[in-house]
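Engineer: Submitted below is the structure of interest, expressed as structure tokens.
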Amino acid sequence: MRIVVTGATGNVGGAVVRLLGEDAVDVVGVSRAAGVDLGDPESLRRALDGADALFLLVAGDRPRDVLDVAKACGVRRVVLLSSQGAGTRPGSYRHPVAFEDAVRDGGPEWTVLRPGGFHSNALAWAEGVRERREVAAPFGDVALPGVDPEDVAAVAVAALREDGHAGRTYELTGPEAVSPRERARMLGDAVGEPVRFAEQPREEARGWMLGFMPEPVVEGTLAILGEPTPRERAVSPDVERVLGRPATGFADWARRHAAAFR
């Protein structure tokens, strides 16, 4: 079985490549740095030639053309890394919605992954924790069930390699909802020293996020962080259903990555 992984240098894509490699699967990792740009679907053709399955990121603005190239190359299975917001706030997350519509609209069999916020987003706090033993974030007491990117990758590998996942949309979360204030405490436990939590004003957080996210996504993300719907607060059983083990909690993720915060 030959599997092509887009975004092979990213949090999830890199883990997918590693996990497939550990299982001795014929895996081809592609990225923009390697000359493959999802904004130019034809750039995928060489990598996809002879491939059985594709792990697809939401990138570029031509999802249907990407799927047409995949189908022409004989790809029979596509696993799409989408976003929780595509299901809960489609008006703000139109980009992943467009990719979801494309993969569902005929062609290869598909599986859609909708993760919540990644535990690894906490790495943005690493400098503050190292230098001041402080975490600054908005909405300090709003708890959400983030997910470990390694769990997302493991679910992706299962969907790429195994039968029984076609036509499924998996909501991927951790095992419990945790607030930013609680995450700061868990980081303190991981590094062996207390970490102070500082409440960040919403507008300050918005300005920082606009530096690397489109405005509609910033507004949607802030709404999820500050005024989540019951569905966004809910813990999903899908990681455990697919992997046969509990999802990884933030405290375990923090212990595994403690060196980044010391």
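The values are calculated or read from the model by the stated rules, or taken from the named source; none is laboratory data. Because the structure is a prediction, the values reported are computed rather than measured. In this analysis, Cβ positions are derived from the backbone assuming ideal geometry, glycine residues included, and neighbour counts consider all displayed protein chains.
Engineer: Go through (1) under 17 Å from the mean Cα position of the chain (by Cα); (2) in a helix (DSSP H, G or I); (3) at pLDDT below 90 for MET213 and report which single condition fails.
Structural biologist: Just one mismatch for MET213, condition (2).
Engineer: So which pairs qualify, if the first residue must be in segment 108-136 and without any contact (Cβ under 8 Å) to a residue 12 or more places away in the chain, the second must be not aliphatic (A, V, I, L, M), the Cβ gap must be under 6 Å, and the two must be at least 6 apart or on different chains?
Structural biologist: Close Cβ pairs satisfying both conditions: GLY128/GLU134.
Engineer: Restricting the search to segment 9-37, which residues are closer than 17 Å to ALA70 by Cα and in contact with a helix residue (DSSP H, G or I) (Cβ under 6 Å, 6 or more places away or on another chain)?
Structural biologist: Across segment 9-37, the qualifying residues are VAL27, VAL28, GLY29, VAL30, VAL36, ASP37.
Engineer: Would segment 85-96 turn up any residue that is of a type outside the set (Lys, Arg), in contact (Cβ under 8 Å) with a residue 40 or more places away in the chain and within 27 Å of ASP163 (Cβ to Cβ)?
Structural biologist: Yes.
Engineer: If you scan segment 179-216, which residues turn out to be of a type in the set (Gly, Ala, Ser), surrounded by fewer than 17 Cβ atoms within 10 Å (Cβ to Cβ) and under 21 Å from VAL147 (Cα atoms)?
Structural biologist: SER179
Engineer: Sticking with this one: So, ALA205, is that one more than 16 Å from the chain's Cα centre (by Cα), more than 21 Å from ARG256 (Cβ to Cβ), in a helix (DSSP H, G or I) and in contact (Cβ under 8 Å) with a residue 24 or more places away in the chain or not? Give the steps one after another, and end with the answer.
Structural biologist: Values: more than 16 Å from the chain's Cα centre (by Cα): yes; more than 21 Å from ARG256 (Cβ to Cβ): yes; in a helix (DSSP H, G or I): yes; in contact (Cβ under 8 Å) with a residue 24 or more places away in the chain: yes.
Against the criterion (more than 16 Å from the chain's Cα centre (by Cα), more than 21 Å from ARG256 (Cβ to Cβ), in a helix (DSSP H, G or I) and in contact (Cβ under 8 Å) with a residue 24 or more places away in the chain), ALA205 qualifies.
Engineer: Are there any helices (runs of 4 or more DSSP H) wholly within segment 72-169 with 3 or more residues that are of a type outside the set (D, E, K, R) and crowded, with 17+ Cβ neighbours inside 10 Å, and if so which? Walk me through it before giving the result.
Structural biologist: On the way: elements: 84-88, 94-104, 126-132, 149-161.
Hits in segment 72-169: 84-88, 94-104, 149-161.
Engineer: Go over the candidates ALA254, ALA234, ALA223, ALA247 one by one and state the one that is under 23 Å from VAL142 (Cβ atoms), touching a residue at least 60 places away in the same chain (Cβ under 8 Å) and touching a Phe, Trp or Tyr at 6+ places or on another chain (Cβ under 8 Å). If you could, list the steps in order and put the result at the bottom.
Structural biologist: Values: ALA234 fails: touching a Phe, Trp or Tyr at 6+ places or on another chain (Cβ under 8 Å); ALA223 fails: touching a Phe, Trp or Tyr at 6+ places or on another chain (Cβ under 8 Å); ALA247 fails: touching a Phe, Trp or Tyr at 6+ places or on another chain (Cβ under 8 Å).
Going through ALA254, ALA234, ALA223, ALA247 in turn, the sole match is ALA254.
Engineer: Filter segment 229-245 down to the residues that are over 18 Å from the mean Cα position of the chain (by Cα) and not in a helix (DSSP H, G or I) and list them by number.
Structural biologist: THR229, GLY244, ARG245
Conditions tested, residue by residue: (1) farther than 20 Å from ASP252 by Cβ; (2) modelled with pLDDT of 95 or more.
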| position | (1), (2) |
| --- | --- |
| VAL147 | no, yes |
| VAL157 | no, yes |
| HIS165 | yes, yes |
| GLY192 | no, yes |
| PRO201 | yes, no |
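Engineer: Return yes when THR221 is surrounded by fewer than 19 Cβ atoms within 10 Å (Cβ to Cβ) and hydroxyl-bearing (Ser, Thr, Tyr) and no when it is not.
Structural biologist: Details: surrounded by fewer than 19 Cβ atoms within 10 Å (Cβ to Cβ): no; hydroxyl-bearing (Ser, Thr, Tyr): yes.
The answer is no for THR221.
Engineer: Tell me the residue from GLY35, GLY13, GLY7 that is in contact with a Ser or Thr (Cβ under 7 Å, 6 or more places away or on another chain), over 26 Å from ASN121 (Cα atoms) and small (Gly, Ala, Ser), please.
Structural biologist: Values: GLY13 fails: over 26 Å from ASN121 (Cα atoms); GLY7 fails: over 26 Å from ASN121 (Cα atoms).
GLY35 is the lone residue from the list that is in contact with a Ser or Thr (Cβ under 7 Å, 6 or more places away or on another chain), over 26 Å from ASN121 (Cα atoms) and small (Gly, Ala, Ser).
Engineer: Please verify whether segment 177-190 includes one or more residues that are at pLDDT 95 or above, in contact with a Pro (Cβ under 8 Å, 6 or more places away or on another chain) and part of a strand (DSSP E or B).
Structural biologist: For segment 177-190, residues at pLDDT 95 or above, in contact with a Pro (Cβ under 8 Å, 6 or more places away or on another chain) and part of a strand (DSSP E or B): present.
Engineer: Any idea which of (1) over 17 Å from SER82 (Cβ atoms); (2) touching a residue at least 60 places away in the same chain (Cβ under 8 Å); (3) in contact with a strand residue (DSSP E or B) (Cβ under 8 Å, 6 or more places away or on another chain) is the one VAL147 doesn't satisfy?
Structural biologist: The one condition VAL147 does not meet is (1).
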